[in-house]
Amino acid sequence: MKFAARLVAIGLPVALLLGACGSGGTATPAAVSTPSSAEAAPASSAVPSSTPATTTRPTTSSPTSSVAAPKVMPDYTGQSLSAAQAALAPYNVRIKTVNRIDSQPAGTVIEQDPVAGAPFAQLVTLTVSTAPAAVPDVTGQTYADAEERLTKLGFEVKENPIFDQKLADGLVQGQNPPAGTANTAEVTLDVVRRPVVTYLADMEAVDRENYESFNSGSAKANGKSYSHAVAIAPYANGNPGTIEYDFSRQYRTLTGELGLGDKSDSAAVGKVEIYGDGRQLLAQDVPFGTTTPVDVDVTDVLRIKIVFSTVDGRSTIVFGDFAAQGLQSEVGSSGSATPTSTSR
C-alpha cells in the first residue's frame with residue numbers, strides 16, 4: 001500500500017508535465033507568458049497620440065467676406081449714414097465720411113465717391129449733411145488750420161488770395177461771413193500769398209500799333225519816378241493806339257499807377273481802356289498832374305489789350321510799375337510772351 005502510494009505521487013506530476021508539452025516537446029509555462037500591451041497597461045495610464053488623425057491644422061490665410069461685392073457702386077445718396085454703412089459692411093470696404101452743411105436732415109448721405117454706377121471700389125467716401133453751426137473766428141490762423149477747422153464743421157471753404165510781400169504766406173487776414181454768422185454753408189477766407197510778379201515793362205508785347213513813341217524802363221509822372229514803367233505817346237489827333245500782352249491765364253491781378261509824363265501839355269487828358277479777352281476791365285481818364293491807382297482782376301485772362309489815346313494836347317501816358325501778379329502754383333517759369341508782331 002505504501003509503495004503504490006509513492007508511485008501515484010511520482011506519476012501524477014510527470015503526467016501533468018507531459019500534457020503541457022504538446023507536440024513540439026518544448027514547455028512554456030503559462031506563468032512566464034507576456035501579455036499584450038493593451039492588457040498589460042490599465043486604461044487610465046494609456047498615452048494618446050500627439051496628432052490624432054481627425055485633427056485639421058488652422059488656416060493661415062486672411063478671412064474673406066462670404067458676400068460677393070457688386071460690380072458697380074449702388075446708390076447710397078438719400079439714405080442715412082448708418083444705413084449706408086450697414087449696406088457696405090459685408091463687402092469689407094473702407095468708408096470715409098465728410099461733413100457738409102446741407103438742407104437735408106442731418107446724417108443723410110448727400111454725395112458719394114465713387115458715384116452710383118461707377119466700378120465698385122474698396123474705398124468709399126460718403127458726404128453727410130450736418131446742421132449749420134455758427135461761423136467761428138479763424139482770422140490770424142494759417143489757411144491750413146482754418147480750412148481744417150471749418151471743414152470739420154461742414155462749411156465749404158473758398159480762398160481769396162491777397163497778394164502781400166511783407167506778411168507771412170498763408171495767413172488768414174479776413175473772412176466772409178464774419179464770426180458768429182448763422183445759417184450759412186460757405187466761408188471765404190482772405191489769405192496772404194506771396195505773388196509772382198511780372199512787370200509789363202519786362203514782358204514782350206504780342207502786338208502794338210498806332211502811337212508816336214513807345215518806351216519801357218524808367219519814367220516820371222506827376223513828379224513820381226517809376227523804375228518799371230511803360231511810357232506811350234499816342235497820336236495827338238485822338239486816334240487810339242493799342243498794345244497787347246499774352247497773360248496765358250496765369251495771373252490774378254494787374255496793378256500799377258496811371259499818370260501823364262511830366263513833359264505832357266498841362267491841358268492834356270489821357271484815356272486808357274483795358275480789356276481781358278474782349279471784356280472791358282477798366283475805363284479811366286488820366287488828367288495831367290494826377291496819379292490814378294489801378295488794380296484789375298485778370299483771373300483766367302488769356303490776352304490783355306490796352307487801348308490808349310489823348311485829347312486836348314500832346315501827352316505821354318505812363319503805366320507806372322504795372323505788374324501782373326499770380327500764385328506760385330499757377331505762373332509758368334518765364335512769365336513772358338513771344339511777340340507775334342510789332343508795328344506802329
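For the reader, a short list of remarks on this structure follows.
Conditions tested, residue by residue: (1) within 19 Å of residue 270 (Cα to Cα); (2) modelled with pLDDT of 95 or more; (3) not hydrophobic (A, V, I, L, M, F, W, C).
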position: 159; (1), (2), (3): no, yes, yes
position: 162; (1), (2), (3): no, no, no
position: 189; (1), (2), (3): no, yes, no
position: 192; (1), (2), (3): no, yes, no
position: 199; (1), (2), (3): no, yes, yes
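- Test result for residue 224, surrounded by fewer than 21 Cβ atoms within 10 Å (Cβ to Cβ) and within 20 Å of the chain's Cα centre (by Cα): no
- Look at the range 247-270: where a residue is more than 18 Å from residue 234 (Cβ to Cβ) and open to solvent by less than 10 Å² (accessible area, probe 1.4 Å) and a partner is of a type in the set (Val, Ile, Thr) and in a strand (DSSP E or B), sitting 6+ places away or on another chain with Cβ atoms under 8 Å, you get 247/304; 251/198; 254/274; 254/294; 254/296; 254/304.
- Set 295, 300, 285: member being open to solvent by 20 Å² or more (accessible area, probe 1.4 Å), out of contact with any helix residue (DSSP H, G or I) (no Cβ under 8 Å at 6 or more places or on another chain), outside any strand (DSSP E or B) and not basic (Lys, Arg): 300
- Scanning the range 134-162 for residues that are part of a loop (DSSP other than H, G, I, E, B) and closer than 30 Å to residue 116 by Cα yields a total of 3.
- Number of the exception - residue 143 against (1) of a type in the set (Ser, Thr, Tyr); (2) within 18 Å of the chain's Cα centre (by Cα); (3) open to solvent by 50 Å² or more (accessible area, probe 1.4 Å): (3)
- Residue list for the range 235-272, restricted to those being out of contact with any strand residue (DSSP E or B) (no Cβ under 7 Å at 6 or more places or on another chain) and closer than 21 Å to residue 324 by Cβ: 248, 249
The values are calculated or read from the model by the stated rules, or taken from the named source; none is laboratory data. Every value quoted in this text rests on a predicted model; they were computed, and no experiment measured them. Methodologically, a virtual Cβ is constructed for each residue, glycine included, from the backbone with ideal geometry; neighbour enumeration extends over all protein chains shown. Ligands, DNA and RNA are excluded from the accessible area calculation, which covers all protein heavy atoms including side chains. Shrake-Rupley method; radii C 1.70, N 1.55, O 1.52, S 1.80 Å.
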